[in-house]
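The next block holds one structure in the form of structure tokens; read it before the comments.
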Amino acid sequence: MDRYISSGSGWLLMAVVLLMGGILVGCGDSGPSSSDAEGHTVLTADGINDGATPMVGQQTKCPVCGEPIKSEVHTESKEERVYFDKQECLEKWKQNPQKYKQKLMDQDLKWAPPPGQA
Ligand SMILES: [Zn+2]
């Protein structure tokens, strides 16, 4: 009977140790909310309110290199605006828009024209 009890409490102790370890690891990991890796708010083309019509409203990334877009780097393609992260990428787009357009369209979650723009 004694042996049974002591081996039982051994398991209990191990369970407690594992639980404590799990709590400690969990504490270090959990952040308060989900923003991007560096804690920046992600810029979307829709969020840039300067009167232009973005080609892809959900655009957040440069279609050339995949970096986050900047509001001041853009070009018009068929009167719709495409955003980039830097001038260099804009130039690459101008040289071969078809090559990068699919990457841009992949960012369009709805793939629908903006309302009121027929
Ligand atoms: Zn880029």
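Brief remarks on what is shown
- If the condition is being assigned to a loop (DSSP other than H, G, I, E, B), within 15 Å of the ligand (Cβ to nearest atom) and surrounded by fewer than 20 Cβ atoms within 10 Å (Cβ to Cβ), then region 58-68 contributes THR60, CYS65, GLY66, GLU67.
- Pairing residues of region 59-82 that are touching a residue at least 12 places away in the same chain (Cβ under 8 Å) and among the aliphatic types (A, V, I, L, M) with residues that are assigned to a strand (DSSP E or B) and within 11 Å of the ligand (Cβ to nearest atom), at Cβ distances under 7 Å and at least 6 apart in sequence or on separate chains, gives VAL64/PHE84; ILE69/LYS61; ILE69/TYR83; ILE69/PHE84; VAL73/TYR83; VAL73/PHE84.
- Among the residues of region 80-105, just one is in a strand (DSSP E or B), more than 10 Å from the ligand (Cβ to nearest atom) and within 19 Å of the chain's Cα centre (by Cα), namely VAL82.
- Number of residues in region 86-118 that are at pLDDT below 90 and charged (D, E, K, R) equals 2.
- Per-region count, region 46-93, residues aliphatic (A, V, I, L, M), touching a helix residue (DSSP H, G or I) at 6+ places or on another chain (Cβ under 6 Å) and within 13 Å of ASP108 (Cβ to Cβ): 1
- Some residue of region 69-78 being outside any strand (DSSP E or B), touching a Lys or Arg at 6+ places or on another chain (Cβ under 9 Å) and within 14 Å of the ligand (Cβ to nearest atom): yes
- In the condition set (1) over 22 Å from the mean Cα position of the chain (by Cα); (2) at pLDDT 95 or above; (3) surrounded by 11 or more Cβ atoms within 10 Å (Cβ to Cβ), SER77 is compliant with all but (2).
- Residues (farther than 15 Å from LYS101 by Cβ and surrounded by 15 or more Cβ atoms within 10 Å (Cβ to Cβ)) located in region 48-57: ILE48, ALA52, GLY57
The values are calculated or read from the model by the stated rules, or taken from the named source; none is laboratory data. None of these values were measured; they are calculated from a predicted model. Glycine gets a Cβ as well: all are built from the backbone with ideal geometry, and neighbour counts include every protein chain shown.
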